[in-house]
Structures are given as structure tokens and as C-alpha cells.
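These notes are about the structure you will find just below.
Values in this text are rule-based calculations from the coordinates and carry no lab data. Computed from a predicted structure; not experimentally measured. Using ideal geometry, Cβ is built from the backbone for each residue, glycine included, and neighbour counts are taken over all protein chains shown.
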Amino acid sequence: MSFAKTAASAALMTALAATAAQARDQIRIVGSSTVFPFSTAVAEQFGRSTDFQTPVVESTGSGGGMKLFCAGVGTDHPDITNASRRMKETEFQLCQENGVTEVTEAVIGYDGIVVANAKGGPEFSISREQLVTALAEQGPKPSTWDEVDPSLPAIKIEVLGPPPSSGTRDAFEELVMHEGCEGAGIECEGITIREDGAYIEAGENDNLIVSKLEANPNALGVFGFSFLDQNADKLQGSVVDGVEPTFENIAAGDYPVSRSLYFYIKKAHVGVVPGIQEFANEFMSEGAAGEEGYLVDKGLIPLPEDMFSTISGNVTSLTPMTGSEWK
């Protein structure tokens, strides 16, 4: 096929995609259950304060959101995806292959991954090495916490957490399992979480984990700090490596299990589906994700001022990712 025909074909496909997208006048957002409450808060504020419709926000998990987002351009595909970890290089390549060639990345702030249980249950002070010993498929697979270490409670190991499609699960595996395996004396290569019932996949709904912890105070749950913060009357966070999971400790970089939170914008839909640029600007505004913004009240750990300014500028200009982010 000649270059002219290829270019004409590409232009036709772009025009068709734009026409299809134009049939939808409500922003569609998918992705991380951790970012979901922040994105929902922005969507509700956006719907109240502008003439645009309130965006639809779905909690699909970071991995599930990336698959939907990168599947293509047009009304059948979402405009924005949230993530509790950075887009993977393989996902970026999938986007490129499916015509989602211009993607803008936004870091909205930080979050800690907490290990928590219901108030009234035993208080835990635990290390990442002890968590690995308790949860690694390649480890000794103890039945009770005191088998991991006599200093821990003599109760059954039961940890409720997210499935593999979740960015929280990805981050937990990286920041706990891979960081703690060597100290636990367990082979790090290929380390996985055990599947014999000690770790229970509780889906993408962190609120469901909270309710299950209330029903069983001896069980531990793994989820984002914001859910601990919003349920402080019901839950208590475990001390990890000697550090409490608090807003101040995460912001200072002292809490060892913390990560960045993201959303990604599909530029091909901007100006076609109404309000995408305006919504993104609201998300990265001082009033929302800034140090005194309303998302901080929901547990978001804000970015340093200079980083916040840079990323806000990237969102305003829709600066695209280049593929060099993983080099």
C-alpha cells in the first residue's frame, strides 16, 4: 500500500473514531479502586460547578482500566483511566498498537498501602520480612502469626487483599514481597503470594474489605491509606518496620509501603467528548489536589509544590508520554 493510501486510511479511521466519540457527551473514567474515591469526588464537584455532565467513574482495578483504556479510540472506549501504579511499558505499547498514540500522564499525589484490622482486634507491629514469611508461596506457609514470630499474636493468618488486576496488589508485591524476601531468607526470583486460603482475594471494592474486617477483628486487610483514614473510627493500622501509617509519615517518605497515584488522559477524545480537559484541570487544581485541596480531606497525600506545578502544566498542555519513561 502506498504512503498516500496509508495516510488516507489513517485519516478516515481518525475521523470515524471522532464521529463515534462525539455521540457520547459524558466523560467515562475507569481504573483503580484506590483512586476511585478521589476521582469520584472530583467528578461530583465538576458536575456541580460546571455546565458539563457529571463523569461516570468505574472501579475496574488499575490493570483492568489499562486494558479498557488502551483498547482503542471512540465512543466504546473510556476517556481517562485511574491507576495506583504507573502505566507499564507493555500497556503503553498496547495503547500505541491500538491507535491510542497520545496519552498524558498525571501524578495526583501519594498513598500508603496499609495492613489494618478492626479496632478491638489485636494490634500488630510487623516487618516486611515477617509479612513475606507469612504470605509467600515459596515460604514455610505458617498457619498462625506466632509461628512467623513469637512476638506476634497467636491467631490464624488471614489477610484480605486485592486481586492481581489491582494496582494495590502490584505495589504490595513490589514494596513488601520483593523488598522483604531477602531478609526473610526466601528466594526472591519468582516470589508469589500463597493461594491456600491465608491470603483471600476480596475483589476491587476496598469498602467490602472494610466490612469484612469489622465482622472478623482477627483478620488483616491490605488497602490504600485513604480507606484507613476514612474509616478511622472502625479500623487500626499496623505499624510496619517500626513506622505508623499516618498522613505525616507517608508525606515525609518515612512509611516504607507508599506509592504514587495516577490518571491518564486519552488526547484523541479531548475536544470530542465534552469536558475532558476541564475535568483534568479541576483534578490537578490547587483546590482539589493541592496542599489545602478537598482531596487531602479524603486522605490524599499531596505532591511537593514544584512537582505539583510541573504536572499541572503537563495536564493543561496535554503533554504526551514518549515511551522514554521506562528508560
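Mind checking the log10 I(q)/I(0) for segment 168-272 at q = 0.11, 0.17, 0.23 Å⁻¹? Debye, one equal scatterer per Cα, no solvent, two decimals. Normalising to I(0) and taking log10 leaves -0.45, -0.97, -1.44.
By the Kirkwood approach, averaging reciprocal distances over each pair of separate Cα atoms, the chain gets a hydrodynamic radius of 20.8 Å.
Extension gain for ASP146 to ASN207 (0.36 nm times residue separation, less C-alpha to C-alpha distance): 19.1 nm.
For the chain, the residue among MET177, MET307, LEU131 whose Cα projects farthest onto the positive side of the dipole built from Cβ charges is MET307.
Compared with the alpha-carbon gap, the fully stretched path from ALA215 to HIS178 is longer by 10.3 nm at 0.36 nm per residue. Here the contact order of the chain, divided by its residue count and restricted to Cα pairs under 8 Å and six or more residues apart, works out to 26 percent.
Using only side-chain charges placed at the Cβ, +1 for Lys and Arg and -1 for Asp and Glu, the dipole size of segment 111-258 relative to its Cα centre rounds to 480 debye. Give me the one-decimal nm value for the distance between modelled label points at ASP233 and GLU325, 7 Å along each residue's Cα-to-Cβ direction. Distance between label points: 3.8 nm.
Here the alpha carbons of segment 128-212 define both size measures, Rg and Dmax, at 12.6, 35 Å.
A Förster distance of 51 Å, applied to the separation of the beta-carbon atoms of ASP25 and ALA154, puts the FRET efficiency at 0.30. Each of the peptides 200-207, 231-238 was scored by the mean count of other Cβ atoms within 10 Å over its residues; in descending order, highest first, they stand as 200-207, 231-238.
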